Amino acid sequence: MKIKIWGARGSLPAPLTPVQVEDRIKKSIQGFLAAGFRDAVEVSRFLSAQAHHQLGGYGGNTPCIEVFTESSQIIVDGGSGLRPLGYELLGGPCGKGTGEVHLVFTHFHWDHLIGLPFFVPFFIPGNTIHVYAVQEDLPDVFKTVFKKPYFPVPLENLGAKIVYHRLEPRVANKIGDIQFTPYQLDHPDPCWGYKFESGGRTYSHAVDTECTRVSRKDLGPDLPLYQNVDLMVFDSQYTLMETIEKVNWGHAAATLGLDIAMREGIKRVLFMHHDPASSDEKIAAAEIQSRRYYNNQLKDAQRVREPAPSVEWEYAREGMVVEV
Ligand SMILES: [Zn+2]
Ligand SMILES: [Zn+2]
């Protein structure tokens, strides 16, 4: 099983401005020359040594994650990252009008819906788009998204057939060789994370969440979302300081995800839902701050002679493909 991050930004798409792009190009050329390089064949070598925030950054599209195996595919959320994913699907059965798409929703805040009207497989007759949510108002949400004056094409004229599926909390479902189970997250409106399992590997999707329930006791029936997990994607919209200012805003800091991952033995974590107000430089600085926190936690564990619960982790970037 693999996942692909089609959108790692939260709340609102946040593309780089032309001035930011120009500035990055200028700094790269200056760095190339300052490092003593003069030959164009050395450009790739120079760039591969640069930090992500000095090049493409973390990406501007809002949440959309593809979970896939050789034979099955599930898409989590319809943020603006869904638009480029739709174009890619046109190369397969969706382009011929014989495609089946499975789209699972965590919740219906705009940043998780805005890609829907621009997902081209919807407009090709013959395609079947299965949509899934725990929330009962899923059909009403679709009617609203594809409604004048918000969008010119009403739902009944889309072309593809839409099939609604209501999910039961904490009950497993299966699509092909991927099993998935919804668990509740902590967000201002009802929001559900998912645990995906295939071939003995497990991916947990925990975005958007403030994770106000942290202890095993408080997490109660939703604790399995964080247990026996190979890869977790976790909410890191804010820095630790910002979470203190933004109580009840529904998002977390990476430090909280690291605490849970270390406690539960989660092997790998990607942090996403980056704040649209944060520049790539600020996100990179937050990542360094989280690294310091993590290293201190490791040292503390070693001091009391507990086995050091090492976790592989980084901040997610749009376009990343990760083996679970
Ligand atoms: Zn969101
Ligand atoms: Zn939200």
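The values are calculated or read from the model by the stated rules, or taken from the named source; none is laboratory data. The structure displayed is predicted, hence computed values, not measured ones. Neighbour counts run over all protein chains shown; Cβ positions are idealised from the backbone, glycine included. When the accessible area is computed, the model is the full protein with side chains, heavy atoms only, and any ligands, DNA or RNA have been set aside. Shrake-Rupley method; radii C 1.70, N 1.55, O 1.52, S 1.80 Å.
A few remarks follow.
Residues are listed down the side, and each one gets a yes or a no for (1) modelled with pLDDT of 95 or more; (2) in contact with a helix residue (DSSP H, G or I) (Cβ under 8 Å, 6 or more places away or on another chain); (3) closer than 17 Å to residue 281 by Cα; (4) polar (S, T, N, Q):
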| position | (1), (2), (3), (4) |
| --- | --- |
| 11 | yes, yes, no, yes |
| 34 | yes, no, no, no |
| 44 | no, no, no, yes |
| 70 | yes, no, no, no |
| 90 | yes, yes, no, no |
| 104 | yes, no, no, no |
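- Verdict on residue 299 being open to solvent by 20 Å² or more (accessible area, probe 1.4 Å) and within 21 Å of the chain's Cα centre (by Cα): no
- Just one residue in the set 189, 218 is surrounded by fewer than 13 Cβ atoms within 10 Å (Cβ to Cβ), within 16 Å of ligand 2 (Cβ to nearest atom) and among the charged types (D, E, K, R); that residue is 189.
- Of all the criteria given as (1) open to solvent by 40 Å² or more (accessible area, probe 1.4 Å); (2) in contact (Cβ under 8 Å) with a residue 24 or more places away in the chain, the one not satisfied by residue 63 is (1).
- Helices (runs of 4 or more DSSP H) (entirely within region 205-324) containing at least 2 residues that are within 20 Å of residue 195 (Cβ to Cβ): 216-219, 254-264
- Note on region 268-283: residues that are surrounded by 18 or more Cβ atoms within 10 Å (Cβ to Cβ) and not aromatic (Phe, Trp, Tyr) total 10.
For every residue, the table says whether it meets (1) free of Cβ contacts under 8 Å to residues at least 60 places away in the same chain; (2) in a strand (DSSP E or B); (3) under 30 Å from residue 96 (Cα atoms).
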position	(1), (2), (3)
147	yes, no, yes
150	yes, no, yes
170	yes, no, no
179	yes, yes, yes
183	yes, yes, no
189	no, no, no
195	yes, yes, no
203	no, yes, no
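- Flag for residue 204 being modelled with pLDDT of 95 or more and either open to solvent by 20 Å² or more (accessible area, probe 1.4 Å) or within 16 Å of ligand 1 (Cβ to nearest atom) (or both): no
- Total residues in region 98-141 satisfying the condition of being of a type outside the set (Ser, Thr, Tyr), surrounded by fewer than 20 Cβ atoms within 10 Å (Cβ to Cβ) and part of a strand (DSSP E or B): the figure is 2.
- Taking the criterion of being aliphatic (A, V, I, L, M) and either within 16 Å of ligand 1 (Cβ to nearest atom) or within 19 Å of residue 175 (Cβ to Cβ) (or both), the residues of region 100-126 that qualify are 101, 103, 104, 113, 114, 116.
- Of 95, 78, all but one fail to be surrounded by 24 or more Cβ atoms within 10 Å (Cβ to Cβ) and free of Cβ contacts under 8 Å to residues at least 60 places away in the same chain; the exception is 78.
- Selected residue (only one of 44, 48, 80 is within 30 Å of residue 27 (Cα to Cα) and within 16 Å of ligand 2 (Cβ to nearest atom)): 80
- Some residue of region 201-219 being hydroxyl-bearing (Ser, Thr, Tyr) and within 21 Å of residue 286 (Cβ to Cβ): yes
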